[in-house]
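What follows is one structure encoded as structure tokens, with my remarks underneath.
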Amino acid sequence: MNALHYIGFDVHKKKINFCVKTSDGEIVEEGTTLAQRPALRQWAAARPQPWRGAMEATLFSGWIYDTLKPYGEQLDMGHPARMKAITAGKKKNDTLDARTIADLVRCNLLPTCYVAPPRIRELRRLLRYRSLVVSEAVHMKNKMAGLLMESGAPYNKEKLHGKKYFARLLQQLEEVPESVIDLLHLSRGALEMFENAQKRLVRELLSNPELSQRIERLRSVPGVGEITALTWALEVGDPHAFPLRRTR
């Protein structure tokens, strides 16, 4: 029977440091591999022993996790804030970080965090992008109002972003620089683009068969709209992934 190895991965944008240890802490191998799917698959497929591993959750560790997971007996994602408290020290480099993560895995001390399935993460990415688009739309609205105030142009705040009102307003503006008119046209075009984009993203999410039933149940709660339901469904993910706490 092959002995189990424990591997710590210190992931970066272009490379990954790894450290392979035995159950008693002996270093079997350590080095680096390119942070590219073909290189990772080749490296993982060549492992001579079954292994368990872990890496810290970062912006780009999700795809690395998905690539390596099929090759190991177990692969975990470490909670970044809690790992920082454990690994903090004066001596710190990529090699030492990989060794520390390997030790946390083999001693069963890794502070893990929940990793949603790839499809849920993909949908969550769409929802978060929708939030960015909404934020940009608000920014454009504020910019349009600011341009009018800078120019001393009167306008109705409540009606400003209505398409018909805005078109009439541009025709009635007096003593406003031509550059401001051009910027208002550009801002209005950007606003419409952002609003259409966010609507399309919401439609795509609501029509997804993986979400539709859960969204319907969540929206049965009084006061819960479609965006709140989508946020609960995708940001929380599987509620069974969280431990239950009994209340007295």
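The values are calculated or read from the model by the stated rules, or taken from the named source; none is laboratory data. Note that this is a predicted model, so its numbers are computed, not measured. Cβ: placed from backbone, ideal geometry, glycine included. Neighbour counts: every protein chain shown. SASA here: full protein model, heavy atoms, side chains in, ligands and nucleic acids out. Shrake-Rupley method; radii C 1.70, N 1.55, O 1.52, S 1.80 Å.
As a ratio to 2.2 N^0.38 Å, the alpha-carbon radius of gyration computed for segment 130-248 takes the value 1.53.
Using a Gaussian network model of the chain in which every pair of alpha carbons under 10 angstrom is joined by a spring, one finds that among MET77, MET144, MET55 the greatest mean-square fluctuation is at MET144.
How large is Rg over Rh for segment 171-228, taking Rg from the Cα atoms and Rh as the Kirkwood inverse mean of 1/r across Cα pairs? Present the calculation step by step, with values, prior to reporting the outcome.
On the way: Rg = 19.2 Å, Rh = 14.6 Å.
Here Rg/Rh amounts to 1.32.
To the nearest 10, the accessible area of ASP103 is 50 Å² with a 1.4 Å probe. If only the Cβ of Lys and Arg carry +1 and only the Cβ of Asp and Glu carry -1, the dipole of the chain around its Cα centre is close to 540 debye.
Suppose accessible area is computed on protein heavy atoms with a 1.4 Å probe; arrange HIS79, HIS240, HIS5 from highest to lowest. Walk me through the numbers before you get to the answer.
Details: HIS79 65, HIS240 160, HIS5 20 Å².
From most exposed to least exposed: HIS240, HIS79, HIS5.
Taking the DSSP beta bridges in the chain as the whole, what percent of them are antiparallel, to the nearest 5? All intermediate terms of the calculation are to be shown ahead of the outcome.
Numbers: 14 of 24 bridges.
If I count the DSSP bridges inside the chain, around 60 percent turn out antiparallel.
More than 16 Å apart: what percent of Cα pairs in segment 100-142 qualify?
Working: 564 of 903 pairs.
The proportion of pairs with Cα distances above 16 Å equals 62 percent.
Given a Förster distance of 30 angstrom, what is the FRET efficiency for LYS143 paired with GLU175, based on the Cβ-Cβ distance and rounded to 0.05? Could you put the intermediate results ahead of the total?
On the way: r = 20 Å, r/R0 = 0.68.
The computed FRET efficiency comes out at 0.90.
Centroid-to-centroid, using Cα positions, segment 170-248 and segment 19-82 are 36 Å apart. Dividing the mean sequence gap of close Cα pairs (under 8 Å, 6+ apart) by how many residues segment 124-248 holds gives a relative contact order of 32 percent. The modelled label-to-label distance for the pair VAL28/TYR114, using points 7 Å beyond Cα in the direction of Cβ, is 3.3 nm.
Mean-square fluctuations from a GNM of the chain, with a 10 angstrom spring cutoff on Cα atoms, peak among ILE64, ILE181, ILE227 at ILE181.
Surface exposure of the chain, expressed per residue as accessible area with a 1.4 Å probe, stands at 64 Å². Compared with the direct C-alpha span, the chain from CYS107 to GLU158 gains 12.2 nm at full extension, assuming 0.36 nm per residue.
If I take R0 = 51 Å and measure r between the Cβ atoms of LEU183 and SER207 in this structure, what FRET efficiency does the formula 1/(1 + (r/R0)^6) give, to the nearest 0.05? List each step's numbers first, then the result.
Values: r = 36 Å, r/R0 = 0.71.
Approximately 0.90, to the nearest 0.05.
All alpha carbon pair distances within segment 48-181 were sorted into 10 Å bins beginning at 0; the resulting P(r) in whole percents reads 9, 26, 16, 12, 12, 15, 8, 1. Please report the carbon-and-sulfur percent of the accessible area for the chain; probe 1.4 Å, protein heavy atoms only, DNA, RNA and ligands left out. Result for the chain: 52 percent of the exposed heavy-atom area is carbon or sulfur. The heavy atoms of GLU29 present about 70 square angstrom of accessible area, all protein chains included, probe 1.4 Å.
Using helices alone, what [θ] at 222 nm do you get for the chain, with -39,500 (n - 2.57) per DSSP H run of 4 or more residues, divided over all residues and rounded to the nearest 500?
Working: 9 runs with 127 residues, N = 248.
After summing the helix terms and dividing by the residues of the chain, the value is -16500 deg cm²/dmol.
Taking 7 Å steps out from each Cα toward its Cβ at TRP63 and GLU226 produces label points 3.0 nm apart.
In the frame of its principal axes, the chain has Cα extents of 83, 44, 39 Å, reported largest first. With the simple spin-label model, which puts each label point 7 Å out from Cα in the Cβ direction, the LYS13 to ARG217 separation comes to 4.1 nm.
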